[in-house]
Amino acid sequence: MTTTEIAPPIRPVGPLPKTREKMGRRFAYGFLILSIVPILIGYSWLVIATFSFRTEGLLPRNAEGGIGGFTLRNWDFVTDAAIWNAMLNSLLIAVAMVIGVGVASAAGGYALSRFKFAGRKAFLTGTLVLHAFKAEMLLIAIFFVLRSLGDIPIIGGFIGFNTVGGVALVMIALELPLGIWLMKGFFDNLPWDMERAALIDGASRFRVWWQIMLPQVRPGLAALSLFTFIAGWNAYLVPFTFTVGSKVANMPVFLNQLISDTAPTNWNQVAAVGMFQMVPLIIFFIFTQELLLNIYAGGSKGT
Amino acid sequence: MKRRKKRLPGLMILGIAFALVAAACAGADTVDTPPETVIVEVEVPGVTVTSIVEVEVEVPTGGELITLVARCRAKQSIEEGRCNNLLRGVVDANAALEASGDDRRVQVKIIQDNPAAGDYVTEFELSSAAGEAPDIIAAAAVNVGTWGASGIIADVTDMIGDYPEFDDIVPSLWASTELNDRRYGVPLDAEARPLYFRKDLLAELGWSQAEIDSLPARLASGEYTWEDMFDTAEEAVDAGVVDPGFGWWPRPKNGPDFLYYYYAAGGELMDPSGALIYDTAAAKIVYEIMGDAVARDILLDTRLDGDWGNWHNGVAFGNVLFWFAGSWQWAEWAEFFVADLGGEEYLFENVGFGPIPALARGTNTPITLTNPFAYMVSSATENVDLALLVISKATTTELNTEYALASGKLGILKSQADYEPYTSARFQSEMAPILEFTTFQPNSPFFSAWSDAYYLGIAAVVSGEATPEEAVDIVVDQLENELGDNVIIK
Amino acid sequence: MRVELDNLSKSWDGVVGADRITLDIADGDLVAFLGPSGCGKTTTLLMVAGIYKPTGGTISFDGRVVNEVAPKDRGIGMVFQSYALYPHMTVFGNISYPLRIQKVNKGEIRERVQRVADMMGIGDLLDRNIAQLSGGQQQRVSLGRALVKEPQLLLFDEPLSNLDARLRLSMRGEIKRLQDGLGITSIYVTHDQVEAMTMADKIAVMSKGVLQAYDVPEDLYDRPKTLFVAGFVGNPPMNFFDVEIMRTDGDFRAKSGAIDLVLPADRAEKAAAAKGKVIMGIRPEDVDLVDDSAPAGEGLTLTGEITVVEPLGREDLLGVGINGVDMHVLVDKARGVRVGDSVDFVFNTSRVQFFDPETELSFLWA
Amino acid sequence: MTPPLEKEALVRAAVGEPGSTRRTLGRRVRSTATAYGFLGPTIALVLTFFVVPGILLLILSFTDLASVNFGDPWNFVGFANFERLFTDRFFPKILRNTVFYVFTTLILFNLGLALVLALVTTNIPRRSGFFFRLVWLLPRLTPSVVYILMWKRIAQAEPFGIYNQLVPEFLGASGGNLFLGGSPWTFVILTNGFIGASFGMIIFTSALLSIPEDLLTAAKVDGASTWRIIRDIKLPLIKWPLLFIATYQTLSLLTSFEYILLLTEGGPGLFTTEVWALTAYKRAFASYAGNSQWAFGATWAIVLVTVALMFAVVYVKLFKFKELIQEPRIDNL
């Protein structure tokens, strides 16, 4: 475990030899750099591949076998309306999820954290146990549920099989256990006095939640939204299984069509579409990375 | 930190607003009441290119505009004729309706993209169960076995005769859409699964130009056998012309191909009762051949890794001497792999093809297999007649030929034999004779399980996890567990 | 508003927070709940506020039982130890929040908030964010928020314990003045007895969920009814000795291994009735060093050895060992004593207290 | 000096105070209703998409639903599916694979590497720490297909493979197809681990950063080495996040298969990398020539869900979960 022998960020009070500190730091960086090598190589290839006709290893090759063959043709798809449609669907699903998971988790997490009611313990245990039910295992059964939902008059047309609404609902539900768990952790950490003060000031419980408590868990909510957005943006299995064709295809479904069985897969084009799908996320991410670290601020106490 | 806090809600609001506007726009594209004359602009969504086909539909007063939804799985840019031809048939279909005094008019909406085969099948089953099935679906004919049995596609046997265009279809192809002597679809293409070989590598091995040029003929005559092919491959490996394991490649994962190995070994598949047969003797021959190929270093024990990317890279750039593949893949290599090397010309120069060689230990006749695509009509649709009408108008010599040439498929119409654009297509005309040796997959609801089990044996032998004898045992075990009484072990 | 607590109890799963608290708060009084942490004073306060629901007993405001009334309908204002300000609102936002909930019109809100803020001396800070305020300023905002709705009852939950000593002293006076001026009935929870003594009209001393005494400050100090009160009220705490009261020659004497004291009859008489051991208590300031200027009579002095000298500034606190019993003595400065000196003490025996060791009740006042 | 009243009070509190029970009951119902109001959306979603599907899945496992009879009413076949499952020749192998995959990935990556990364990146300057964590998060942002494509590219045979190009042959690069020629499991676990580690890393980092600086300073003043600080202070303080990740990731790994499906499809050869969840999926959804066996897939799924449930229950016990639930400190009035 030499890798953990790292110099502390604050200079130690004790007489720790400076050389040892330096060595520790070198070990730390060495380990970290080594650990990201596969990731860096993979993404280097991705970038190179999107701009070349074919690659051998990390080298772009032209027809004569020399280095070269750079091309923009892998990016032709950006002029295709289909990909923008897919991007729109991705956005719709992701935004619906952020809203749905956010609202349900914020309300549910608050109730579980701050309310006394019959069945609270069962509920709390339940949220943990729900992690055992993953989307992948329930797909076929959820199909029958969606089919029934589609039969509901009026709203059935929006939440049934083969609708963006239905897909979003399923995705929201499947992200919910984690969302509630995290949000409950954030609410657990808020001071009780603040809530009491608001009640004494005359607020109803709903108002306390909305005006006083929610603003306090905003960093947590933002972190959860970020995770949910990523999950929604990259959702594949559920959108794919519960929709017909590309009408409601999102980016991952679109991408998967490029590489299906025996297809004339142009891997470099796949790479380009994949990059295209990632770019908004990465931009989003760079701006919000600090928020992400809030994700478990509430959880360090365990509840 | 503070600035950042403010930015996030802003981003989100922007996103939500965008989404709402988009949703509003998306909701606005439905056409409800048919006006007297509508110009239906049909979007043809390709995976990379979307083309717009304009179709004019004139609906007579008191008439009815019926919209049919067609669903096609098509590879981008090369197979999109599958659905596009239906769109193009609409004009003729409406003309025919007018001519017969029918007040109905038809328009077609298409959903065309390229999911994986298994996913595509599942999608149709789920959408049928959910009442969202498209009216027309273009799918592999082998699905007739399941779908005919479950009743989600319409039995069109008695209506085929009403559409003269269908008389032009090569009669033997109809068999692929039949289940229990009833027809459940209309063939739309055919393909061959040939042996490809690298001419340049054979030359390097010392073959004369004449020997190379005569190879297709020798394959067709049965003179050059499967065993000969293995010998040549081994020679090439030993001579260093190709790397060890690059002498002969099958496809990298399960698929229709492996069935002709079984046929070639003399295996029987279908009992007159409809039960499937697993012929252990034939299967053992197949497994022995596969084991042999690995043992002789002409096939890697890791070749069946399911990775098409790796596979295409191997075969398209001349690293492999012999390989079994599909006729349509020719078009793929030309367009997507060797376009900068000269495309199809490069291929003709360096790659040859012929039927799958005769297996001397088996039937000793050359072979290939066709897994045609067919148009099927959902049993949920109320307008089977209109669907067939549109399909018939898409099954014309011009349209079908155009599609076949673009996709590297073979024609299905008798009339194509003397249709100049078709006959002058070099690849199609060179590939056509191979069809002589064609076989089909059986239309049985149990074939999928059979095929999965059978392939297990191949995978086991190639990876070295089982001897051919053990492989047969494993497969028999698996088949009995999966199919019980629905399989006969011979 | 008059507040009555009648047998008020609170428990969670068998853990008692408050046990049958009964007391009566007169209109306009400031009552302090005094006790060590965990004694149930905050629990009781939160029951009065309506945050906790009593498991037994009743709370009445002006004779009306309010057990079932939600906090927002009780007409109370509360100031918290942590201030409990809303960090995402400005000073104005915080103070105006109760009024906004009541949907008071904007002009009036502005006016009332300004008035309260001026009263609290934070009238020019209204647009500040909470994080920009000092602790004292935050406390004032918190107080302003409690006052702005013109409550009939003000609740304070250790409001000054997060402030530094100087600020605490001035806020103490300020709160008292305000409360007096406005005449709002108040309950003030604290563990600081100086605060309680200086501010409260009456003090409720609590321990382990039980109300130990409820009296005006002077009585708590001079006439403690229980051993707990005697020991808890006063700093440094009262000294206790286990003694036997004996009557010899008409004199009452308190005797133990360490002590032999003559007692005044009026005090000793009641204790003597107990027969056997009693607990005698004497405050540190009621003991003095014997010096030449104050010669004492026989039976009033004791001799002990000084173990600790703590200069407190104006006075010195001495730790004294008398035959193995420790005692605290508060003496004027400049006596020049040192650790190890043996000195004589005189007891102001007219101030001694006696308690029953069994019931812990005072023989004198209970 | 125990107040004499205390004991009595305890007894009385335990027995309960006589009071107007009817009114309290009414209030309790009302306050519970408020709580359930907040939980409304959650309950609706959980019922619709967890409870009902769970029950349906169980019912399905007793039918013979497949593509062939998909439109027909469900036909119940008793325990036939379960019998078939447990007599399957590859059942033991798939089970072994699953256990191996779940725990190897969990221990090496999702917990182990995640913890090490969190510890190391919080021990170097802040900005550097951010950078490395950001890079480690990239795989999570990447579409699964592209992510797997990258790994395949790394592993491919010459001349296309990256590993083969970068690492000279004598250092262990095989000339052939590296990832299946070597060990498919290595790649299955690597691909899953590189995704899985980042989740734990984020949560551990967040937990580590919330440890009060005073504690660490105190330990340093006491002369503790970095390693001792980690062992004696940091690890005990992030015990709960560790357990949470252990639970969450065990369940995730048990039911995940997407990357394996894309990478090896359970192959090569005889179910070499096939895991339980993948079998369940393949049976129900991925059939090349049609005829999906929905009911049999559901049977595999329901058995897996049962196992996952058992894990969840064990973890709940391990968590001493009930002790962790803090009592709300506001009563509803």
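Scan segment A:197-225 residue by residue and report those that are over 17 Å from residue D:329 (Cα atoms), modelled with pLDDT under 90 and of a type in the set (Lys, Arg).
The answer is A:218, and nothing else.
Look at residue A:82 and say whether it is within 18 Å of residue D:146 (Cα to Cα), in a helix (DSSP H, G or I), modelled with pLDDT of 75 or more and more than 11 Å from chain D (Cβ to nearest Cβ).
Working: within 18 Å of residue D:146 (Cα to Cα): no; in a helix (DSSP H, G or I): yes; modelled with pLDDT of 75 or more: yes; more than 11 Å from chain D (Cβ to nearest Cβ): yes.
Answer is no for this residue.
Would you check which residues across segment C:64-107 are surrounded by 15 or more Cβ atoms within 10 Å (Cβ to Cβ), of a type in the set (A, V, I, L, M), more than 10 Å from chain A (Cβ to nearest Cβ) and not in a helix (DSSP H, G or I) and list them?
Selection gives C:66, C:69, C:104.
So which residues in segment C:327-361 are in contact (Cβ under 8 Å) with a residue 60 or more places away in the chain, more than 14 Å from every other protein chain (Cβ to nearest Cβ) and not aliphatic (A, V, I, L, M)?
The answer is C:328, C:347, C:348, C:349, C:350, C:351, C:353, C:354.
Is it the case, given these coordinates, that residue D:50 is surrounded by fewer than 17 Cβ atoms within 10 Å (Cβ to Cβ), under 21 Å from the mean Cα position of the chain (by Cα) and not aliphatic (A, V, I, L, M)?
Criteria not met by residue D:50.
Inside segment B:132-221, counting only helices (runs of 4 or more DSSP H) that do not spill past its ends, which hold 2 or more residues that are free of Cβ contacts under 8 Å to residues at least 60 places away in the same chain and surrounded by fewer than 23 Cβ atoms within 10 Å (Cβ to Cβ)? So that I can check it myself, show each step before the final result.
Numbers: elements: B:144-150, B:199-204, B:209-221.
Fully inside segment B:132-221 and qualifying: B:199-204, B:209-221.
Considering only segment A:200-221, state which residues are more than 9 Å from chain C (Cβ to nearest Cβ), of a type in the set (A, V, I, L, M) and crowded, with 24+ Cβ neighbours inside 10 Å. Before the answer, list the steps.
The first filter runs over segment A:200-221 and keeps only residues more than 9 Å from chain C (Cβ to nearest Cβ), leaving A:205-206, A:208-210, A:213-214, A:217, A:219-221.
With the extra rule that they be of a type in the set (A, V, I, L, M), the set shrinks to A:208, A:213-214, A:217, A:221.
Within segment A:200-221, A:217, A:221 meet the criteria.
Of all residues in segment A:263-288 being in contact with a Lys or Arg (Cβ under 8 Å, 6 or more places away or on another chain) and modelled with pLDDT under 70, which is farthest from the other protein chains (Cβ to nearest Cβ)?
A:263
If I ask for residues that are of a type in the set (Val, Ile, Thr) and outside any loop (DSSP other than H, G, I, E, B), which ones from segment A:153-171 would you list?
Kept after step one, since they are of a type in the set (Val, Ile, Thr), are these residues of segment A:153-171: A:154-155, A:159, A:163-164, A:167, A:170.
Correct list: A:159, A:164, A:167, A:170.
Quick one: which of A:86, A:118 is farther than 23 Å from residue B:113 by Cβ and not charged (D, E, K, R)?
Numbers: A:86 fails: farther than 23 Å from residue B:113 by Cβ.
Exactly one of A:86, A:118 is farther than 23 Å from residue B:113 by Cβ and not charged (D, E, K, R), namely A:118.
Among the numbered criteria (1) within 20 Å of residue C:65 (Cα to Cα); (2) in a strand (DSSP E or B); (3) of a type in the set (Gly, Ala, Ser), which single criterion is violated by residue C:17?
Of (1) within 20 Å of residue C:65 (Cα to Cα); (2) in a strand (DSSP E or B); (3) of a type in the set (Gly, Ala, Ser), only one is false for residue C:17: (1).
Hey, among the residues in segment A:110-128 that are more than 7 Å from every other protein chain (Cβ to nearest Cβ) and small (Gly, Ala, Ser), which one's nearest to residue D:245 (Cα to Cα)?
Once the filter is applied, the top-ranked residue is A:126.
Residues C:310, C:305: which one is free of Cβ contacts under 8 Å to residues at least 12 places away in the same chain and in a strand (DSSP E or B)? Let's see the steps before the verdict.
Details: C:305 fails: free of Cβ contacts under 8 Å to residues at least 12 places away in the same chain.
Going through C:310, C:305 in turn, the sole match is C:310.
State all residues of segment B:461-474 that are within 10 Å of another protein chain (Cβ to nearest Cβ) and of a type in the set (A, V, I, L, M, F, W, C); if no residue qualifies, say none.
Across segment B:461-474, the qualifying residues are B:461, B:462, B:466, B:471, B:474.
Mind counting the residues in segment D:130-151 that are touching a residue at least 40 places away in the same chain (Cβ under 8 Å) and within 17 Å of residue D:202 (Cβ to Cβ)?
Taking segment D:130-151 and keeping what is touching a residue at least 40 places away in the same chain (Cβ under 8 Å), we get D:133, D:136-137, D:139-140, D:144-145, D:147-148, D:151.
Cutting the leftovers down to within 17 Å of residue D:202 (Cβ to Cβ) gives us D:133, D:136-137, D:139-140.
Qualifying residue count for the region: 5.
Does residue D:271 fit the bill of being more than 10 Å from chain A (Cβ to nearest Cβ) and either surrounded by fewer than 22 Cβ atoms within 10 Å (Cβ to Cβ) or not polar (S, T, N, Q) (or both)? Walk me through how you get there before you give the answer.
Numbers: more than 10 Å from chain A (Cβ to nearest Cβ): yes; either surrounded by fewer than 22 Cβ atoms within 10 Å (Cβ to Cβ) or not polar (S, T, N, Q) (or both): yes.
For residue D:271, the condition - more than 10 Å from chain A (Cβ to nearest Cβ) and either surrounded by fewer than 22 Cβ atoms within 10 Å (Cβ to Cβ) or not polar (S, T, N, Q) (or both) - is met.
Any residue at all in segment B:298-311 that is buried (at least 19 other Cβ atoms within 10 Å of the Cβ), more than 30 Å from residue B:477 (Cα to Cα) and within 13 Å of chain A (Cβ to nearest Cβ)?
So far as segment B:298-311 goes, yes, one or more of its residues are buried (at least 19 other Cβ atoms within 10 Å of the Cβ), more than 30 Å from residue B:477 (Cα to Cα) and within 13 Å of chain A (Cβ to nearest Cβ).
Would you confirm, using the coordinates I've provided, whether residue D:78 is more than 14 Å from chain C (Cβ to nearest Cβ), closer than 17 Å to residue D:297 by Cα and either at pLDDT 85 or above or under 28 Å from the mean Cα position of the chain (by Cα) (or both)? Even if it seems obvious, please write down each step before you answer.
Working: more than 14 Å from chain C (Cβ to nearest Cβ): yes; closer than 17 Å to residue D:297 by Cα: yes; either at pLDDT 85 or above or under 28 Å from the mean Cα position of the chain (by Cα) (or both): yes.
In short, yes.
Yes or no, residue by residue, for (1) outside any loop (DSSP other than H, G, I, E, B); (2) touching a residue at least 40 places away in the same chain (Cβ under 8 Å):
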position: C:188; (1), (2): yes, yes
position: C:198; (1), (2): yes, no
position: C:231; (1), (2): yes, yes
position: C:235; (1), (2): no, yes
position: C:242; (1), (2): yes, yes
position: C:262; (1), (2): yes, yes
position: C:285; (1), (2): yes, yes
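If you check residue A:196 against the conditions, is it farther than 19 Å from residue C:52 by Cβ, within 13 Å of chain C (Cβ to nearest Cβ), out of contact with any strand residue (DSSP E or B) (no Cβ under 7 Å at 6 or more places or on another chain) and not aliphatic (A, V, I, L, M)? Please lay out each step first, then the result.
Numbers: farther than 19 Å from residue C:52 by Cβ: no; within 13 Å of chain C (Cβ to nearest Cβ): yes; out of contact with any strand residue (DSSP E or B) (no Cβ under 7 Å at 6 or more places or on another chain): yes; not aliphatic (A, V, I, L, M): yes.
Taking the combined requirement at face value, the residue does not satisfy it.
Every residue in segment C:32-60 that is surrounded by fewer than 24 Cβ atoms within 10 Å (Cβ to Cβ), away from chain D (no Cβ under 14 Å) and more than 24 Å from residue A:202 (Cα to Cα), please.
Within segment C:32-60, just C:37 meets the criteria.
The values are calculated or read from the model by the stated rules, or taken from the named source; none is laboratory data. What you see is a predicted model; the values in this text were computed from it and never measured. Here Cβ is always computed from backbone atoms with ideal geometry, including for glycine, and neighbour counts include all displayed protein chains.
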